[in-house]
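No value in this document is a laboratory result; all are computed from the given coordinates. As the structure is a prediction and not an experimental result, all values here were calculated from the model. Cβ: placed from backbone, ideal geometry, glycine included. Neighbour counts: every protein chain shown.
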Amino acid sequence: MLLFTPGPTPVPQNVRNAMAKETMHHRTPEFEAIFEKTRKHLFNLLNTDEVIMLASSGTGAMEAAVTNLCHNTLLNVNSGKFGERFGKIAKAHGLGSVEIKNEWNTPVSVEAIVKALKANVNIDAIAVQISESAGGLRHPVEELAKAVKEINPNISIIADGITAVGVERIDVTNIDCLIAGSQKALMLPPGLSILGLSNKAIEKIGEGKGYYLNLASEIKKQKQNTTAYTAATTLIIGLLEVLESVEANGGLSRLYGDTACRSKAVSRALEAIGLKIYPAVPAKSMTTIIDPDASEIRRLLKEEYDVNVAGGQDHLKGKIFRINQMGLIPVHEMAWVLNAVELALSRLGRREYNGEANKIFSEAFFGALDGFKQGKNG
Ligand SMILES: *Cc1c(COP(=O)(O)O)cnc(C)c1O
């Protein structure tokens, strides 16, 4: 079965092998050396002043970011399930909560953020997804962060990059906390989350809040290449292998280039066979299609063509399907998926199969990739 859900994503064989070694004790020079190397790679990946790894799923990092960086009222952007979660976290901790809610295909506008800030002077942190996975949407995080900092530089910007870090280069100039998670773009099993922090965020964190998710305790320890509590050793060993594989495959710029070209080419190919892209501004992390036959298409993909793609949740259940674009994806696998979608449409009597999706995909992908290579490598 080809796993093409936008999280979890497949774990490459070499990464599984690296994680299959005997358990290593976390308080040893051997593990500290691995931790140090991983941290170096993470600084390169996130471009932030500090990086922290937590033994938690992505939501743990979201909670740590909110509790440590919001001391009064959180403004969260809800264009989907993950954005909504930030508001729930704020409320669970008794923080003030203001939400901007949109349909799941609609990115937040910078104007709406500015308006909400002006209406509530207690807002001291903003939480938003870079890529909102519920509808495969890209929010204008960099632009809104810039606008917010011009109004008040003390308002912390928490950017959930769980389906964006490792997908595209993110300008962190005005971002205080950038979150990543293991089982999405980082091609690992679930259970590890990462926070990139600005110096301004570290200042605001001060002594930190909470116990297990106290970021001050972790910052102190992780600077010394260890963790406050038992490190997720196996996942960190896997993460180092992932980041070394990315380097060995042409580095981050190659990964971002491939992802951008593939993502665009898949959208073109699916549109060419009559499908409709759901989000107004699609994220590069996944291709989201809105279709009345979404459930049937997913069933056919799974039962007839061994492809697992994700559906929708809540009000989008049975209405959308989402194809992963995160990670090191072999082109022939993507080609298989596109053929499978076209074949599924043919089974449903919606079009005659003629290989159109793959023709368009190949032209768009290889054409763009070649342009990218010529631009990059002269
Ligand atoms: C998956 C996801 C999360 C939640 O991460 P968990 O690892 O499931 O806790 C948060 N934000 C985004 C954008 C996600 O895609």
query = ³J(HN,Hα) across segment 110-118 via Karplus (A = 6.51, B = -1.76, C = 1.60, θ = phi - 60°), whole Hz, x for Gly/Pro?
reply = 4, 4, 5, 5, 4, 4, 5, 5, 5
key: Using θ = phi - 60° and Karplus 6.51 cos²θ - 1.76 cosθ + 1.60, couplings along segment 260-268 (whole Hz; Gly, Pro as x)   = 4, 5, 5, 4, 5, 5, 5, 4, 4
query = At 10 °C and 1.306 mPa s, what whole-number value in µm²/s does Stokes-Einstein give for the translational diffusion of segment 75-215, with Rh from the Kirkwood sum over Cα pairs?
reply = 103 µm²/s
query = Which residues' amide hydrogens lie under 5 Å from the amide hydrogen of L137, considering only partners 5 or more residues apart or on another chain, with H built in the peptide plane?
reply = E132, A283
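Where nothing but the Cβ of Lys and Arg (+1) and of Asp and Glu (-1) is charged, how large is the charge dipole of segment 271-378 around its Cα centre, in debye to the nearest 20? Spell out each step's value before the answer.
Values: 14 positive and 14 negative charges, 62 e Å.
For segment 271-378, the charge dipole is close to 300 debye.
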request  = May I ask you to order 312-318, 238-244, 40-46 by the average number of other C-beta atoms within 10 Å around their residues, highest value first?
outcome  = 238-244, 40-46, 312-318
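Once R0 is set to 45 Å, what does the formula 1/(1 + (r/R0)^6) return for the Cβ-Cβ distance between T28 and R347, expressed as a FRET efficiency to the nearest 0.05?
0.20
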ask   = Taking the mean number of other Cβ atoms within 10 Å as a proxy for protection, how do you rank 280-292, 350-362 from highest to lowest?
value = 280-292, 350-362
task = Have a look at L328, L75, N47 and report the one farthest towards the positive end of the charge dipole of the chain, computed about the Cα centre with Cβ charges (Lys/Arg +1, Asp/Glu -1).
result = L75
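Quick one: divide the alpha-carbon radius of gyration of segment 1-127 by 2.2 N^0.38 Å and tell me what you get. It would help to have the intermediate numbers written out before the result.
Working: Rg = 19.1 Å, N = 127, 2.2 N^0.38 = 13.9 Å.
Compactness ratio reported: 1.38.
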Full-stretch length increase - Q374, E247 - with 0.36 nm per residue and alpha-carbon distance subtracted = 43.7 nm
message = Taking amide H atoms as placed 1.01 Å from N in the peptide plane, list the residues 5 or more away in sequence, or in a different chain, whose amide H sits under 5 Å from that of M286.
response = Q325
Label point distance in nm, N72-K302, each placed 7 Å from Cα along Cα→Cβ = 4.8 nm
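What size of dipole, in debye to the nearest 20, comes out for the chain about its Cα centre when the only charges are +1 on Lys and Arg C-beta atoms and -1 on Asp and Glu C-beta atoms? Write down the numbers at each step before the final one.
Working: 42 positive and 41 negative charges, 52 e Å.
The calculation lands at about 260 debye.
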query = With the contact rule set at Cα under 8 Å and sequence spacing of 6 or more, what percent relative contact order holds for the chain?
reply = 21 percent
P(r) of the chain over all Cα-Cα pairs, binned every 20 Å from zero, in whole percent = 29, 56, 15, 0
message = What are the ³J(HN,Hα) couplings of segment 92-102, residue after residue, when phi is run through the Karplus curve with 6.51, -1.76, 1.60 and θ = phi - 60°? Round to Hz, x for glycine and proline.
response = 4, 9, x, 7, x, 9, 10, 10, 9, 10, 9
task = Enumerate the lysines that K184 could reach by cross-link, defined here as Cα to Cα under 25 Å, with residues fewer than 8 away along the same chain left out.
result = K21, K37, K40, K81, K88, K101, K264, K276, K284, K302, K317, K319
task = With an 8 Å cut-off on Cα pairs and a minimum separation of 6 or more residues, tell me the relative contact order of segment 245-306 in percent.
result = 23 percent
query = Taking the Cα centre of each part, how many Å lie between segment 276-318 and segment 37-86?
reply = 27 Å
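How fast does segment 262-335 diffuse by Stokes-Einstein, in µm²/s, taking the Kirkwood radius from C-alpha pairs at 25 °C and 0.890 mPa s?
Details: Rh = 12.7 Å.
Once the numbers are plugged in, D ends up at 194 µm²/s.
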